[in-house]
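Quick notes on the structure that follows.
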Amino acid sequence: MPLSDRVLMGPGPCNPYPEVVEAMTRPMLGHLDPEFLSVLDETCDRLRAVFRTANALTLPISGTGSAGMEAAFVNVVHDGDVVVVGVNGVFGERMCDVAARCGAEIVRVDEEWGRALDPQRLLDAHPSPAVIAVVHAETSTGVRNDIAPLGAGKGDALLLVDCVTSLAGIPVEVDGWGVDVAYAGTQKCLGVPPGLAPLTVSDRARERLVVRPRSWYFDLGLIGEYTGPARKYHHTAPVTAVLGLHAGLGTVLAEGLERSWARHAECGRLVQDGLQKLGFSLVADDDCRLPQLTTAWLPDGVDDAITRRTLLERFGIEVGGGLGVFAGRAWRIGCMGHTARPRNVTLLLGALAEVLAR
């Protein structure tokens, strides 16, 4: 099957919106071209709308979602800071690693994979942390963690949130929830190829930025000068990626965030109902299950690698295998961005029924 016909339903890149493909194939602009700088400014405005924030420091970081994570931590974590991290999957673990490399004292709050973190346990974990960090939509388990109670009870701490899999797929309210630093990735519910990490930083967090962070490339004191009104050259921006993000954000905002959330919710229900009828059982608890990324236990006798390879080679459908302790035992099925359409769900479930002969 031609690569162009593949339906990407893994936890990684989704199929991009057609408007994004068109934008990314336009003639190249220079990264200091006035037309590109105008697009960059508008992209930052659109990111504020999607993050639901008025933060002036809102921009796309050059790099994938993990670059957003690193940029967030290196700029707000000082040597010796106490950082409380919620861990109920791979990306909570990754937060611990990144924060530790910044010199933080890590206070972990662990929860069983497939279950949501208790916000009160995070708030009670230390009397005066500098940062409380949590993954909103844990990509490894398909679990949604509640953010609003953390913002309400954080005290003097900064609240740092990973929104890589949640932005534009489920409600994200940066200002309304009291989030100080949030980052995302382009390749999931925004419907844009990987390569950029949207980031937003509150004025409160900006007052506490590390003066000389461990990373020159992700130093927001330098990058901010590149995106501000008095521009200074910092690095060569990935022009084509920014044009794609500009188009993807435009598509999301034209649809309306509420309608985008509803479309993802509908497709998530269809995926989850259909999988259960085929003998799969769902990993995440009902009250915290993501619609845009479903984790499901494989039925007895179903070989993980062989079945996924058959779906890819025969039907052009990519689904993701499990990470960490879920490897070989569970699937992660993404229904995000432009891929979140009922017709794609029907294609997946029909192909899977044929492969499993059910």
(message) So in the stretch 137-158, with the set limited to residues that are farther than 21 Å from Val76 by Cα and small (Gly, Ala, Ser), which one is surrounded by the most Cβ atoms within 10 Å (Cβ to Cβ)?
(response) Gly142
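From the set of residues in the stretch 286-310 that are of a type in the set (A, V, I, L, M) and within 13 Å of Trp331 (Cα to Cα), which is nearest to the chain's Cα centre (by Cα)?
We begin by selecting, within the stretch 286-310, every residue of a type in the set (A, V, I, L, M); these are 290, 293, 296, 298, 302, 305-306.
Cutting the leftovers down to within 13 Å of Trp331 (Cα to Cα) gives us 293, 296, 298, 302, 305-306.
Numbers: Leu293: 11, Ala296: 20, Leu298: 25, Val302: 29, Ala305: 25, Ile306: 28 Å.
Among those that are of a type in the set (A, V, I, L, M) and within 13 Å of Trp331 (Cα to Cα), it is Leu293.
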(message) Return the residues of the stretch 94-110 that are charged (D, E, K, R) and touching a residue at least 12 places away in the same chain (Cβ under 8 Å); say none if nothing qualifies.
(response) Arg94, Arg101, Glu105, Arg108, Asp110
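Just one of Val84, Val74 is in contact (Cβ under 8 Å) with a residue 40 or more places away in the chain and out of contact with any helix residue (DSSP H, G or I) (no Cβ under 7 Å at 6 or more places or on another chain); which is it?
Val74
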(message) Can you pull out every residue in the stretch 336-355 that is among the hydroxyl-bearing types (Ser, Thr, Tyr) and over 16 Å from Pro11 (Cα atoms)?
(response) Thr346
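One line per residue, one yes/no per condition, for (1) closer than 24 Å to Leu196 by Cβ; (2) in contact with a strand residue (DSSP E or B) (Cβ under 9 Å, 6 or more places away or on another chain); (3) not small (Gly, Ala, Ser):
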position	(1), (2), (3)
Trp261	yes, no, yes
Val283	no, yes, yes
Arg309	no, no, yes
Gly316	no, yes, no
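Here are some residues: Gly279, Gly244. Which one is assigned by TED's automatic domain parsing to the domain that holds Arg52 and small (Gly, Ala, Ser)? Can you show your working first?
Details: Gly279 fails: assigned by TED's automatic domain parsing to the domain that holds Arg52.
Gly244 is the lone residue from the list that is assigned by TED's automatic domain parsing to the domain that holds Arg52 and small (Gly, Ala, Ser).
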(request) Could you please find all residues in the stretch 305-328 being buried (at least 16 other Cβ atoms within 10 Å of the Cβ), in a helix (DSSP H, G or I) and either of a type outside the set (Ser, Thr, Tyr) or in the same structural domain as Arg115 (by TED's automatic domain parsing) (or both)? (result) Arg308, Leu311, Leu312, Phe315, Phe326
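Could you go through the stretch 217-225 and let me know if any residue there is farther than 21 Å from Gly89 by Cα, acidic (Asp, Glu), in contact with a Pro (Cβ under 9 Å, 6 or more places away or on another chain) and in a loop (DSSP other than H, G, I, E, B).
To start, the set of residues in the stretch 217-225 that are farther than 21 Å from Gly89 by Cα comprises 217-225.
Now drop any that are not acidic (Asp, Glu), which leaves 219, 225.
Filter once more, keeping what is in contact with a Pro (Cβ under 9 Å, 6 or more places away or on another chain): 219.
When the remaining residues are screened for being in a loop (DSSP other than H, G, I, E, B), the result is 219.
Yes - at least one qualifying residue is present in the stretch 217-225.
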(request) Would you check which residues across the stretch 301-345 are over 18 Å from Gly142 (Cα atoms) and in contact with a helix residue (DSSP H, G or I) (Cβ under 8 Å, 6 or more places away or on another chain) and list them? (result) Val302, Thr307, Thr310, Leu311, Arg314, Phe315, Gly316, Ile317, His338, Arg341, Pro342, Asn344
(request) Being within 15 Å of Val74 (Cα to Cα), out of contact with any strand residue (DSSP E or B) (no Cβ under 7 Å at 6 or more places or on another chain) and surrounded by 16 or more Cβ atoms within 10 Å (Cβ to Cβ) is the filter here, so list the residues in the stretch 191-214 that pass it. (result) Leu209, Val210, Pro213, Arg214
(request) Please go through the stretch 84-109 and pick out each residue that is more than 12 Å from Val134 (Cβ to Cβ) and not aliphatic (A, V, I, L, M). (result) Glu93, Arg94, Asp97, Arg101, Cys102, Gly103, Glu105
(message) Considering only the stretch 127-145, I want to know if a residue exists there that is free of Cβ contacts under 8 Å to residues at least 40 places away in the same chain, among the β-branched types (Val, Ile, Thr) and closer than 18 Å to Gly89 by Cα.
(response) no
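The values are calculated or read from the model by the stated rules, or taken from the named source; none is laboratory data. Everything numeric in this text was worked out from a predicted model, so none of it was measured. We place every Cβ from the backbone using ideal geometry, glycine too, and count neighbours over all the protein chains shown.
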